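The values are calculated or read from the model by the stated rules, or taken from the named source; none is laboratory data. Since the structure is predicted, the reported quantities are computational estimates derived from the model, not experimental observations. Here Cβ is always computed from backbone atoms with ideal geometry, including for glycine, and neighbour counts include all displayed protein chains.
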Amino acid sequence: MLRAAARRVAGDSLARNSVLIMASTVGTSGLGYLFWMVAARGLAPSAVGAATALISAATVVSMLSNLGIGHMFIQRLPGTPAAVWSRIVSGGLLIGCAATALTATAAAILLPRLAGNFAVLSAPALIATAVALTASTLLDYVFVAHRASHGMLWRNLALAAGKVLALPALTGLGLHDSNAVLLAWTLPSIAVTAVTLAVSPSRLRAGARLTGARLGREVKHVRAALSGHHLINLAQAGPGALLPVLVTARLGASANAHFYVAWMTASVLFMVSPAVASAFYAERSHVGARPAPLRKAATVVLAVIGAPAIVLFVAGDEILGLFSSGYATGGGLLLKILVIAAIPDAITNLAVAHWRSRREFRRCLHLNLVMASTCLALTWFWLPGLGIAAAGLAWLAGEFAGALLVTVSALTGRNGRRSRFVLRHRAAPRDHAVSRPAARATGRPPKSRPASRRKEASVR
């Protein structure tokens, strides 16, 4: 039975790449879990909290600066000639990393002035960590664009294993502060990224290589991705990246250590639907591919997310206790809240991927903005009174609001009543009675009536 199931998964590109993306995240999360366990047992909570605050800030910086280039890769790389492929990847990586370095420099100057708890931020460390994250993320999208997620899997496993091996080596050399965590986090990422850049281009597209020629042509494409995909990505991923930053600003580095461990533990659930959504979008963007049904993507999510959710909800305290009893006491309730939030999170992620594949970008953006604003506003106001559990409750509230909007939209469409989103994006192509002034405004010629209809009209 298992062998037959494996054959079915291997023969279905959506299921195969979804599983590979999830396997990449699970492997990275498992090794990351080990990494943070070593850090929690060997370093003081303040050192771990300071390091996680900087990594969280670097994640936000990278997210702000990648400019939607990853989803641009998914749209443009399949089927392109080697020379164009080389220019797209080289230009995207260069522009994304340069924008990240500039944003990280500004963040290192501004954040300590906005909140005293961010005085631990170091400009060189923030810049290096953020740039490494951007390069790593964009390379993942290159593999996803080619439905070659096995390359992403091995690259991320090598990166995560390098972090686990680097941390005890650095502490053995006498580093016992946050610098040990930061160096162990960043150096393997830089090394694995360099190897990937040297080896992978020619394997993904025969004759491709990194180049510096004609990169200026990519600016207009990056600008288009910035106004479309990037805004959607920011609103979608922003709350998850900002929550540790808000916890640090409101409650301090030690509280953020407890929050981050619970958040990282729950990430095994939050990685499922984004992985399937990425594979789903790549499948629909691939030239010549049969359109993947949304129902199949939802089935894959439900099949994978069930058992881990039950385990984390029932045995979450014991799992957090592997770090220390303090982490179980501080983050047990938060972990249960996050497990519940994984259900509406899956609904909204698949809805955004579906709408994105239909180029209904404004609809995606509106949904993500509702969720992000709800989550971040509630987190800021609830943290002082409720502690780190407030971040989980706010996350749940935002995801529930988004899932409710998706449900209302689906029911409205099913009953034949168009929502304002559908009217905005779809009314014009379906309108058969476009007037001549409207046709001139939209650039479409008016639809002429058949000769028989014209003759009948003249008789009347």
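Considering region 170-201 alone, what residues qualify as being over 16 Å from Thr137 (Cα atoms) and without any contact (Cβ under 8 Å) to a residue 12 or more places away in the chain?
Matches in region 170-201: Gly172, Leu173, Gly174, Leu175, Ala198, Val199.
Hey, can you tell me all the residues within region 326-372 that are touching a residue at least 24 places away in the same chain (Cβ under 8 Å), more than 25 Å from Phe313 (Cβ to Cβ) and of a type in the set (A, V, I, L, M, F, W, C)?
Within region 326-372, Val352, Ala353, Phe361, Cys364, Leu365, Leu367, Leu369, Val370, Ala372 qualify.
Have a look at Thr59, Thr52, Thr80, Thr28 and point out the one that is outside any helix (DSSP H, G or I) and either more than 17 Å from Ala237 (Cα to Cα) or β-branched (Val, Ile, Thr) (or both).
On inspection, the qualifying residue turns out to be Thr80.
Would you call Ala160 surrounded by 21 or more Cβ atoms within 10 Å (Cβ to Cβ), modelled with pLDDT of 85 or more and part of a helix (DSSP H, G or I)?
Yes.
Show the residue pairs meeting these rules: Cβ distance below 8 Å; 6+ apart or different chains; first residue within region 71-84 and under 28 Å from His354 (Cβ atoms); second residue at pLDDT 80 or above and part of a loop (DSSP other than H, G, I, E, B).
What qualifies is Leu77/Arg205; Thr80/Arg205.
Among the residues of region 261-279, write down those that are closer than 27 Å to Leu67 by Cβ and at pLDDT below 85.
Answer for region 261-279, where residues must be closer than 27 Å to Leu67 by Cβ and at pLDDT below 85: Met264, Ser267, Phe270, Met271, Val272, Ser273, Pro274, Ala275, Val276, Ala277, Ser278, Ala279.
Considering only region 333-366, how many residues are of a type in the set (Asp, Glu) and either under 16 Å from the mean Cα position of the chain (by Cα) or buried (at least 22 other Cβ atoms within 10 Å of the Cβ) (or both)?
1
Of the conditions (1) in a helix (DSSP H, G or I); (2) surrounded by 17 or more Cβ atoms within 10 Å (Cβ to Cβ); (3) at pLDDT below 80, Arg217 fails just one. Which one is it?
With (1) in a helix (DSSP H, G or I); (2) surrounded by 17 or more Cβ atoms within 10 Å (Cβ to Cβ); (3) at pLDDT below 80 applied to Arg217, the lone miss is (2).
Would you confirm whether or not region 137-145 contains a residue that is within 30 Å of Gly252 (Cα to Cα), in contact (Cβ under 8 Å) with a residue 60 or more places away in the chain and surrounded by fewer than 23 Cβ atoms within 10 Å (Cβ to Cβ)?
Yes.
Determine if region 279-293 includes at least one residue that is of a type in the set (S, T, N, Q) and either under 24 Å from Leu405 (Cβ atoms) or more than 20 Å from the chain's Cα centre (by Cα) (or both).
Scanning region 279-293 turns up no residue that is of a type in the set (S, T, N, Q) and either under 24 Å from Leu405 (Cβ atoms) or more than 20 Å from the chain's Cα centre (by Cα) (or both).
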